[in-house]
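Working notes, beginning with the structure itself.
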Amino acid sequence: MRDTMKAWLIDKALPIWWEVGADRVHGGFHERLALDGTPCRDPRRARVQARQIFAFAVAGRLGWDGPSRQAVDHGLAFFRRAYELEEGAFRTLVAADGTALDDTVVLYDQAFALFAMATAGTVASDPRPLAASASRLRRHLQATLKHPIGGFEESAPPSLPLKANPHMHLLEASLAWVEEGDGADAAAWNALADEIAGLALAHFIDPETGYLKEFFDARWRPVAGQDGRIVEPGHLFEWAWLLVRWGKLRGRADAIAAARRLAELAETTGVDPARNVAVNAILDDGAPLDPGARCWPQTERIKAAVALAGVAETRAERDLWASRIAAGVSGLSAYLDVPTPGLWRDKLQADGTFVEEPAPASTFYHIVCAIEELDKALGAGGIGDRSRERGAALPSYGG
Ligand SMILES: O=P(O)(O)OC[C@H]1O[C@@H](O)[C@@H](O)[C@@H](O)[C@@H]1O
């Protein structure tokens with residue numbers, strides 16, 4: 001299973017997303033590739049450029065012997081040239097030729113800019129400016145978007161609802177700076193990670209149901225009406241993965257317990273057993289809301305299961321999460337079954353058929369991250385390593 005996924009990544013996906021997915025004329029990366037492998041000339045979102053930089057930054061450590069440094073340098077050059085604003089934030093959208101289309105500073109995009117700079121620093125030919133740029137951007141967000149209770153406003157001047165989602169990616173970016181950064185500004189990155197994890201535990205997660213909500217009023221209470229009840233199983237998994245990482249770092253059993261509950265709820269109420277996929281949205285009583293299933297919740301299902309298998313307290317619990325890793329990989333594999341290997345489908349519908357459309361580059365980062373987690377879990381020293389635990393007969397994960 002792990003070897004199959006890694007072979008797909010190294011032999012098929014990374015080559016096509018570099019050889020065809022990188023734009024040699026205008027720089028940066030194409031937003032989508034048609035399923036015959038032809039690039040689409042769509043406008044380009046900042047978040048997608050940042051995500052592709054991450055994907056190529058970790059490609060080398062996953063075993064790709066292609067030009068990962070060149071790809072990161074290529075992505076960074078376009079990202080900074082086409083998106084960076086004077087104050088160090090990044091605009092949200094440019095045309096396929098790099099012309100600015102929308103200068104709005106969206107919190108979600110800034111999170112991905114911080115994340116890309118953290119991982120790019122491990123491979124870029126000149127990593128020196130990245131830590132300073134990231135610290136400057138973090139300070140800019142704190143100066144312009146800080147919310148008085150905690151976390152960040154969506155925009156300046158403030159607009160509602162406040163959202164959990166960009167905070168999830170800010171936590172991911174802060175953890176990347178803590179774990180992969182060069183040590184610069186470590187105290188500030190640790191503090192930001194702590195603040196966001198604290199916000200999630202105190203406000204995003206409903207203490208009664210254990211579900212994590214999406215949309216909030218100005219005091220971080222879920223908004224009234226249906227929007228305040230929306231739950232995204234993909235986000236439950238993604239937060240669970242992050243909260244386990246943060247909980248391990250800080251020795252916070254409560255964060256790990258909350259993560260376990262999030263992922264358990266997502267598995268039991270957010271996965272459609274007939275299609276073996278995590279669906280797009282449910283309500284906070286488990287009722288279905290959007291039975292479609294995008295590709296990315298499947299990658300998050302794998303990441304959460306890996307994290308929870310790693311902190312399981314009993315062998316039975318670990319075996320349960322191990323079986324969910326396998327189920328997640330099997331669910332994801334259906335999306336990768338396309339005429340041009342290395343591409344994917346994005347939207348599985350309620351009737352079990354996929355929407356016919358180009359493959360979005362935005363999904364690559366999710367898949368790469370899931371494969372990296374799978375690799376850690378099933379490689380030496382991981383949960384499948386018999387030498388790790390005396391006397392434990394561990395499940396077999398196949399090849
Ligand atoms: O919708 P795209 O850009 O493909 O992103 C895919 C998804 O990524 C996840 O991490 C979440 O942040 C989702 O809210 C988002 O929709």
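The values are calculated or read from the model by the stated rules, or taken from the named source; none is laboratory data. As the structure is a computational prediction, the values presented were derived from the model and not from experiment. Don't worry about glycine lacking a Cβ; one is built from the backbone with ideal geometry, like all the others, and counts go over all protein chains shown.
Couple of notes before you dig in:
- Residues of the stretch 257-281 satisfying the condition of being surrounded by fewer than 24 Cβ atoms within 10 Å (Cβ to Cβ) and within 16 Å of the ligand (Cβ to nearest atom): ASN280, ALA281
- Selection of first residues in the stretch 83-110 that are on the phi > 0 side of the Ramachandran plot and of second residues that are aromatic (Phe, Trp, Tyr), restricted to Cβ pairs under 7 Å at least 6 apart or on distinct chains, gives the following pairs, ordered by first then second residue: GLY98/PHE78.
- The set of residues from the stretch 200-238 being within 16 Å of the ligand (Cβ to nearest atom) and either assigned to a helix (DSSP H, G or I) or modelled with pLDDT under 95 (or both) comprises ALA200, PHE204, ASP227, PRO233, GLY234, HIS235, LEU236, PHE237, GLU238.
- Within the stretch 263-295, the residues that satisfy the criterion of being more than 24 Å from VAL223 (Cβ to Cβ) and touching a Ser or Thr at 6+ places or on another chain (Cβ under 8 Å) are ASN276, CYS295.
- Among the residues making up the stretch 307-336, those that are under 16 Å from ALA259 (Cα atoms) and either among the charged types (D, E, K, R) or in contact with an Asp or Glu (Cβ under 6 Å, 6 or more places away or on another chain) (or both) are GLU313, GLU317, ARG318, ARG324.
- Scanning the stretch 83-115 for residues that are farther than 21 Å from ARG139 by Cα and either more than 23 Å from the chain's Cα centre (by Cα) or β-branched (Val, Ile, Thr) (or both) yields a count of 9.
- Any hit, the stretch 317-324, residues being at pLDDT 95 or above, surrounded by fewer than 24 Cβ atoms within 10 Å (Cβ to Cβ), over 15 Å from the mean Cα position of the chain (by Cα) and not in a helix (DSSP H, G or I): no
- Candidates are the residues of the stretch 63-109 that are within 16 Å of the ligand (Cβ to nearest atom) and surrounded by fewer than 15 Cβ atoms within 10 Å (Cβ to Cβ); the one that is nearest to HIS30 (Cα to Cα) is ASP102.
- Within the stretch 125-179, being in contact with a Ser or Thr (Cβ under 7 Å, 6 or more places away or on another chain) and more than 16 Å from the ligand (Cβ to nearest atom) holds for one residue alone: ALA156.
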